[in-house]
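Heads up, the thing below is written out as structure tokens.
The values are calculated or read from the model by the stated rules, or taken from the named source; none is laboratory data. Remember, it's a predicted structure, so these values are computed and weren't measured experimentally. Cβ sites come from the backbone with ideal geometry, for glycine too, and all protein chains shown count toward neighbours.
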Amino acid sequence: MLASFLVLLTIINAPAQTIQPLVNQPPDGAGIGFLLTDGTVMYQGNALSDWYKLTPDATGSYVNGKWTRLANLPSGYVPDAFASAVLADGRVVIVGGEYNNNNFALTNLGAIYDPRANTWTSLAPPTGWKYIGDSPSVVLPNGNFLVGNKLTQSMAILNPKTLTWSVLAGTGKSDFNAEEGWTILADGSVLTMDVKHAPNSERFVLSSRTWSSAGSTVVDLHSPSTLGCIKYGPGLCYYPPGEIGPAILRPDGTVFATGSNSNTSTGAGHTAIFDTATATWTAGPDFPNGDNAGDSFAVLLPSGNVLVEGGIQSYEWNGKKLNPVAATPGSLIVLPTGQVLVGGSEVYNPAGTYQASWAPTITKSPSSVTRGATYRISGTQFNGLSQAAAFGDEFETATNYPLVRITNHGTGHVFYAKTHNHSTMAVATGSAIVSTSFDVPPKMETGASSLQVVTNGIPSLPVSITVN
């Protein structure tokens, strides 16, 4: 047991704020990536229709992980810049795309990936939606998938069980959904910073299915577009409203929202902080050296800091200051080791650690399991305190769902049991008891082991388990 935890501690406590290249680089490059609920990471290749999976080695190291080819997307769907999510049942959904087959299209095509079968299945668009494009989306606390129509104020909710859409109109949205990002808050509402109507912000409440103003962000977080009409169909024009940066909910209940080029004197992007306890905004610091975070990635580190990519370099927000760190170009994913996978080709080793109160806790779990069987596990904070990932608008890669990690005492080898059917997709659930199902890998090693629930790179205390 001691050897296995020393292996994990070595991974988690790697040198502070350093970059390590993966031993095995992605076969066709790596665009957007998703942390699957079995601990592997899938990436879209540079051909856009092709996908690959990174599996950690026997010690749980992603740096030494191996790549395997996954199924291609359905014929005709070759998207870039789409709405996306990992669903509560473990499948991956992608809808729309600013481009399809490298052509500006605002496509309404979509697909769902099933990791069990390694298959993509085409997904029909919401009724009446001829275009979706690069749209905001989020998995709601009840597990349904909410997506915005880029060109209008309309939204639609996908029921993952039936794969049917419900279109929402007349919700009181202030502006259309283009270029916005959506952030789930602890009360289950969705926060957005308007782009077309900047500096207004809004909150969506599912129970009433309505938006209402969340006040001014104090500083303008968007950069107005200089582009005119972009044709996406016969006689159809899209006038981009500009760009914005990612927003991340932190453990202290504040949302750190970042901007594009907004300061007219320095060219630097503004930032703003939303206090969910008081529902008020305050201005944050501008990015150093005229930098900004327009259309870029950010993740919540286990320490509670926010790692955000600028155009020049990356930064960590610690609640008081934006500190420059090594550049991290590419999509960002917080791994269960506490590292950040950058662009599918390297890992970022952050400094600091989490507070004990942020960790998941296990209250009920089996003491003995059989390979290939499915079990239920319960506890608190299985979905973490935040979605832990954001982009300016599209490319949603939230990781607010539990992973189950089993470490064999005798060998120190690490196995991830695929989780699915989480009882909630809410964040910051506190002392409420939540649960998930997990499938014991059919080929994992047997014997005395320890089990942990890991969310957003933060593990629970281990419980003893025997694998038969």
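Show the residue pairs meeting these rules: Cβ distance below 7 Å; 6+ apart or different chains; first residue within segment 54-83 and in contact (Cβ under 8 Å) with a residue 24 or more places away in the chain and within 21 Å of residue 404 (Cβ to Cβ); second residue hydroxyl-bearing (Ser, Thr, Tyr) and not in a strand (DSSP E or B).
Listed by first residue and then by second, the contacts come to 54/40; 54/62; 56/62; 60/337; 62/337.
This table checks each residue for (1) surrounded by fewer than 24 Cβ atoms within 10 Å (Cβ to Cβ); (2) without any contact (Cβ under 8 Å) to a residue 12 or more places away in the chain; (3) under 30 Å from residue 260 (Cα atoms); (4) not hydrophobic (A, V, I, L, M, F, W, C).
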site: 354; (1), (2), (3), (4): yes, no, yes, yes
site: 368; (1), (2), (3), (4): yes, no, no, yes
site: 382; (1), (2), (3), (4): no, no, no, no
site: 420; (1), (2), (3), (4): yes, no, no, yes
site: 429; (1), (2), (3), (4): yes, no, no, yes
site: 442; (1), (2), (3), (4): yes, no, no, yes
site: 446; (1), (2), (3), (4): yes, no, no, yes
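Looking only at segment 184-237, how many residues end up being at pLDDT below 95, surrounded by fewer than 14 Cβ atoms within 10 Å (Cβ to Cβ) and under 30 Å from residue 265 (Cα atoms)?
Of the residues in segment 184-237, 4 are at pLDDT below 95, surrounded by fewer than 14 Cβ atoms within 10 Å (Cβ to Cβ) and under 30 Å from residue 265 (Cα atoms).
What are the residues in segment 275-287 that are surrounded by fewer than 16 Cβ atoms within 10 Å (Cβ to Cβ) and either touching a residue at least 12 places away in the same chain (Cβ under 8 Å) or of a type outside the set (S, T, N, Q) (or both), if any? Spell out how you get there, then give the answer.
The first filter runs over segment 275-287 and keeps only residues surrounded by fewer than 16 Cβ atoms within 10 Å (Cβ to Cβ), leaving 275, 277-280, 282-283, 285.
Hits for segment 275-287 are 275, 277, 279, 280, 282, 283, 285.
Among 158, 163, 140, which is the only one that is crowded, with 23+ Cβ neighbours inside 10 Å and modelled with pLDDT of 95 or more? Talk me through it step by step, then tell me what you get.
Values: 163 fails: crowded, with 23+ Cβ neighbours inside 10 Å; 140 fails: crowded, with 23+ Cβ neighbours inside 10 Å.
Going through 158, 163, 140 in turn, just one is crowded, with 23+ Cβ neighbours inside 10 Å and modelled with pLDDT of 95 or more: 158.
Just to be sure before I move on: is residue 377 of a type in the set (Val, Ile, Thr), closer than 14 Å to residue 359 by Cα and either modelled with pLDDT of 95 or more or over 25 Å from the mean Cα position of the chain (by Cα) (or both) in the structure I sent?
The answer is no for residue 377.
Could you tell me whether residue 424 is within 21 Å of the chain's Cα centre (by Cα) and surrounded by 24 or more Cβ atoms within 10 Å (Cβ to Cβ)?
Numbers: within 21 Å of the chain's Cα centre (by Cα): yes; surrounded by 24 or more Cβ atoms within 10 Å (Cβ to Cβ): no.
No: the conditions fail for residue 424.
Return yes or no: is residue 415 over 20 Å from residue 185 (Cβ atoms), crowded, with 24+ Cβ neighbours inside 10 Å and out of contact with any helix residue (DSSP H, G or I) (no Cβ under 8 Å at 6 or more places or on another chain)?
no
Residues being in contact with a Lys or Arg (Cβ under 7 Å, 6 or more places away or on another chain) and assigned to a loop (DSSP other than H, G, I, E, B): count how many of those fall in segment 402-440.
Adding up the residues that qualify gives 1.
So which residues in segment 41-55 are assigned to a loop (DSSP other than H, G, I, E, B), hydrophobic (A, V, I, L, M, F, W, C) and closer than 23 Å to residue 392 by Cβ?
48 - this is the single residue of segment 41-55 that is assigned to a loop (DSSP other than H, G, I, E, B), hydrophobic (A, V, I, L, M, F, W, C) and closer than 23 Å to residue 392 by Cβ.
With the checklist (1) in contact with a helix residue (DSSP H, G or I) (Cβ under 6 Å, 6 or more places away or on another chain); (2) hydroxyl-bearing (Ser, Thr, Tyr); (3) surrounded by fewer than 20 Cβ atoms within 10 Å (Cβ to Cβ) in hand, flag the one item residue 435 doesn't pass.
Against the list (1) in contact with a helix residue (DSSP H, G or I) (Cβ under 6 Å, 6 or more places away or on another chain); (2) hydroxyl-bearing (Ser, Thr, Tyr); (3) surrounded by fewer than 20 Cβ atoms within 10 Å (Cβ to Cβ), residue 435 comes up short only on (1).
How many of the residues making up segment 448-468 are farther than 14 Å from residue 416 by Cα, surrounded by fewer than 19 Cβ atoms within 10 Å (Cβ to Cβ) and either of a type outside the set (A, V, I, L, M, F, W, C) or under 20 Å from the mean Cα position of the chain (by Cα) (or both)?
So the answer is 3.
Collect the residues in segment 57-93 that are among the small types (Gly, Ala, Ser), surrounded by 16 or more Cβ atoms within 10 Å (Cβ to Cβ) and farther than 29 Å from residue 19 by Cβ, keeping them in residue-number order.
Restricting attention to segment 57-93, the residues satisfying the condition of being among the small types (Gly, Ala, Ser) are 58, 60-61, 65, 71, 75-76, 81, 83-85, 88, 90.
Imposing the further condition that a residue be surrounded by 16 or more Cβ atoms within 10 Å (Cβ to Cβ) reduces the set to 60-61, 65, 81, 83-85, 88, 90.
Hits for segment 57-93 are 83, 88, 90.
Residue 329 - would you say it is under 30 Å from residue 134 (Cα atoms), at pLDDT below 95 and assigned to a loop (DSSP other than H, G, I, E, B)?
Criteria met by residue 329.
Take the residues in segment 289-304 that are in contact with an Asp or Glu (Cβ under 8 Å, 6 or more places away or on another chain) and under 18 Å from residue 270 (Cα atoms), then tell me which one is surrounded by the most Cβ atoms within 10 Å (Cβ to Cβ). Break it down into steps so the answer makes sense when it comes.
Filtering segment 289-304 down to residues in contact with an Asp or Glu (Cβ under 8 Å, 6 or more places away or on another chain) leaves 293-298, 301, 304.
From the residues that got through so far, the ones that are under 18 Å from residue 270 (Cα atoms) too are 293-298.
On the way: 293: 31, 294: 23, 295: 21, 296: 25, 297: 27, 298: 26.
Among them, the one singled out is 293.
Which residues, taken from segment 441-468, are over 20 Å from residue 400 (Cα atoms), in a strand (DSSP E or B) and out of contact with any Leu (no Cβ under 7 Å at 6 or more places or on another chain)?
447, 448, 449, 450, 464, 466, 467, listed by residue number.
Being without any contact (Cβ under 8 Å) to a residue 24 or more places away in the chain and either buried (at least 24 other Cβ atoms within 10 Å of the Cβ) or closer than 21 Å to residue 179 by Cβ (or both) is the filter here; which residues of segment 315-328 pass it?
none
Please go through segment 357-401 and give me each residue that is charged (D, E, K, R) and assigned to a loop (DSSP other than H, G, I, E, B), ordered by number.
If the condition is that a residue be charged (D, E, K, R) and assigned to a loop (DSSP other than H, G, I, E, B), then 371, 393, 394, 396 are the ones that fit.
Which members of segment 18-40 meet the condition of being crowded, with 21+ Cβ neighbours inside 10 Å, among the hydrophobic types (A, V, I, L, M, F, W, C) and in a strand (DSSP E or B)?
Across segment 18-40, the qualifying residues are 34, 35.
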